[in-house]
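This report refers to the structure that appears directly beneath it.
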Amino acid sequence: QVQLVESGGGLVQPGGSLRLSCAASGTIFRIGAMDWYRQAPGEQRDLVAGITRSGSTMYHDSVKGRFTISRDNAKNTVYLQMNSLKPEDTAVYYCNADIAQTFGTNSNSYWGQGTQVTVSS
């Protein structure tokens, strides 16, 4: 089995910063792309940022220049550094990873349980 566990969410004032972490554990052979999504109440889950195994990144336009995604392959962990936070960044943040559990098998997509980020004064 594979588990993704997020941490680092919380309440922060506008303009503040938070760093989210997502650690994968269990039977893991190889992790491919790792992504962060977010979902605000009543809205769909949107892709915020993604990073390939080799370190190529992409960002939603709304977070470019403010958020930075990174990963530590040795620790099976992906991070999201969020700076200059705005009230509209308030959402539950989820990590997603493409993981192959054994050599020669296809990757499957796994989700974490989510961590709440609230930006409010």
Discussion item. I'd like the distance separating the alpha-carbon centroids of the range 1-42 and the range 52-121, in whole Å.
Written reply: 5
Response to the item:
Placing each pseudo-label 7 Å from Cα in the direction of the beta carbon, Q101 and R30 end up separated by a distance in nanometres of 1.8
Item to complete: Express the carbon and sulfur contribution to the solvent-accessible surface of the range 53-94 as a percent, rounded to the nearest whole number, probe 1.4 angstrom.
Response: 45
Practice prompt. Using the charge dipole of the range 38-117 (Lys, Arg: +1 at Cβ; Asp, Glu: -1 at Cβ; taken about the Cα centre), state which of T77, A97, H60 has its Cα farthest towards the positive end.
Written response: T77
Response to the item:
In this structure, the FRET efficiency calculated for Q39 and Q1 from their beta-carbon separation, with R0 = 35 Å, to the nearest 0.05, is 0.90
Worksheet item: At a Förster distance of 22 Å, what's the computed FRET efficiency of S17 paired with N108, Cβ-Cβ distance as r, to 0.05?
Response: 0.10
Worksheet item: How big is the chain by the Kirkwood estimate over distinct Cα pairs, in Å?
Response: 14.5
Worksheet item: Once label points are set 7 Å from the Cα along Cα→Cβ at both L47 and K75, what is their separation, rounded to one decimal in nm?
Response: 2.6
Worksheet entry | 1.4 Å probe accessible area per residue over the chain, in Å² | 53
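The values are calculated or read from the model by the stated rules, or taken from the named source; none is laboratory data. Being a predicted model, the structure only gives us computed values, none of them experimental. Neighbour counts run over all protein chains shown; Cβ positions are idealised from the backbone, glycine included. For the accessible areas, the whole protein counts, side chains as well, though only heavy atoms, and no ligand, DNA or RNA atoms are used. Shrake-Rupley method; radii C 1.70, N 1.55, O 1.52, S 1.80 Å.
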